[in-house]
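The values are calculated or read from the model by the stated rules, or taken from the named source; none is laboratory data. Keep in mind that what you see is a predicted model, and the values were worked out from it rather than measured. Every residue, glycine as well, gets a Cβ built from its backbone with ideal geometry; the counts of neighbours run over all protein chains shown. Quick note on the areas: whole protein, heavy atoms, side chains included, nothing else; ligands and nucleic acids left out. Shrake-Rupley method; radii C 1.70, N 1.55, O 1.52, S 1.80 Å.
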Amino acid sequence: MSITLRKLTEPQDLQQLEALEGAVWNTTEVIPYHMTITIAKFGGLFIGAFDEDKMVGFLYTFPGNSHGEPHLCSHMLGFLPEYRKQGLGVQMKWLQRDEAMEMGHTKITWTYDPLETVNGVLNIAKLGGIVRTYLPNCYGDLDDEFSRGIPTDRFLIEWFLDSHRVENHRAQKGEKPNLVEGAPEVLSYEIVDGLPKPIEQRFDLQEPILLLPVPAYFQEVKRRDMDVARSWRKLTSELFQSYMGQGYTVTYVFRDPDQDIVRYVLDRRPLPAILDSTARA
């Protein structure tokens, strides 16, 4: 399959986004053309994926400002079902980085659910993003398939585009953190009938590296036992907020396909030390 990725600037390209967004998310509530064309004219960045002349994926980015710091906000990335799980999302993110730097930006931010660990591996382990901010119930109550019945907590990813860390991840030289073997876990859990259940939190640990386990397949946990899913949300929310408040940053994700648990790495180094190297502690 030969897919072409390119920045979208022409009105005819941007007009296609309404229909594509609806098809990707199976919804009629889409961002209208008059908004996308306006955002594109005033600092936004749109990228499309094309199978010959057919647009099959898109990335939607708009300008933002946090604490007086301008940056780009990456809002949506999606592909038609038959084009997913082929590495196109990673390719599109690297093109987004190149285009953003051409525009003079040094940072892109976006959010994702920390319990959706496939996204965590992409955002942190593959792209080199970091997390210093936890947003509890970011979007309020949503009635979609992935969010129904549980608070919409989100990580805020910060992608420092010109950092050594991100450059190393693009060159696939990002190393796993040191000191992880034997690093304490801030949440204990048990596996009961194949279902991971959280047990006890630890808020008093002060090691350079800490590990926070979460379920590898959160949607499966929700399907089997919503009370257990809500417990994971509550306990991990309290722990992430507590340790981030103490100066820890999420810098890596360990995912073993043969395990029911994924581990986030909490790193106590200051930001310059994290960005000047890989994910190494």
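Extension gain for E10 to S242 (0.36 nm times residue separation, less C-alpha to C-alpha distance): 78.9 nm.
The value obtained for region 198-281, namely the Cα convex hull volume divided by the number of residues, is 97 Å³ per residue. For T152, the amide hydrogen comes within under 5 Å of the amide hydrogens of N137, C138, Y139, G140, counting only partners 5 or more places away or on other chains and with H modelled in the peptide plane.
To put it simply, the accessible area of region 147-266 at a 1.4 Å probe is 45 percent carbon and sulfur. Near the amide H of V262, within less than 5 Å, lie the amide hydrogens of V214, A216, all on another chain or at least 5 residues away, with H placed in the peptide plane. Computed from backbone phi, the HN-Hα couplings of region 58-67 come to 8, 9, 10, 9, 10, x, x, 8, 10, 6 Hz, rounded to whole numbers (Karplus: 6.51 cos²θ - 1.76 cosθ + 1.60, θ = phi - 60°; Gly and Pro given as x). Close Lys pairs in the chain, defined as Cα atoms under 25 Å apart and 8 or more places apart or on different chains, number 28. Between 0 and 90 degrees, rounded to the nearest ten: what's the tilt of helix 11-25 against the longest Cα principal axis of the chain? It works out to around 40 degrees. Any idea how far the Cα center of region 6-63 sits from the one of region 182-223, in Å? The distance from the Cα centre of region 6-63 to that of region 182-223 comes to 38 Å. Using the Karplus relation 6.51 cos²θ - 1.76 cosθ + 1.60 with θ = phi - 60°, the per-residue 3J(HN,Hα) values for region 68-78 come to x, 10, x, 7, 9, 10, 7, 9, 9, 9, x Hz, with x marking Gly and Pro. Here the sum of -39500 (n - 2.57) over DSSP H runs of 4 or more residues, divided by the residues of the chain, equals -8500 deg cm²/dmol at 222 nm, to the nearest 500. What region 41-136 shows is 43 Å² of accessible area per residue, with the surface traced by a 1.4 Å probe over protein heavy atoms.
Ranked by the mean number of other Cβ atoms within 10 Å per residue, highest first, peptides 218-226, 198-206, 161-169, 19-27 order as 161-169, 218-226, 19-27, 198-206. For region 55-106, the share of accessible area belonging to carbon and sulfur comes to 52 percent (1.4 Å probe, ligands and nucleic acids excluded).
Rounded to the nearest 5, the antiparallel percentage of DSSP beta bridges internal to the chain is 95%. If you wrap the tightest convex hull around every Cα atom of the chain and split its volume per residue, you get 142 Å³. Going by the alpha-carbon gyration tensor, a ≥ b ≥ c the square roots of its eigenvalues, is region 1-147 rounded (a/c under 1.5) or, if a/c is not under 1.5, prolate (a/b greater than b/c) versus oblate? In terms of gyration-tensor shape, rounded.
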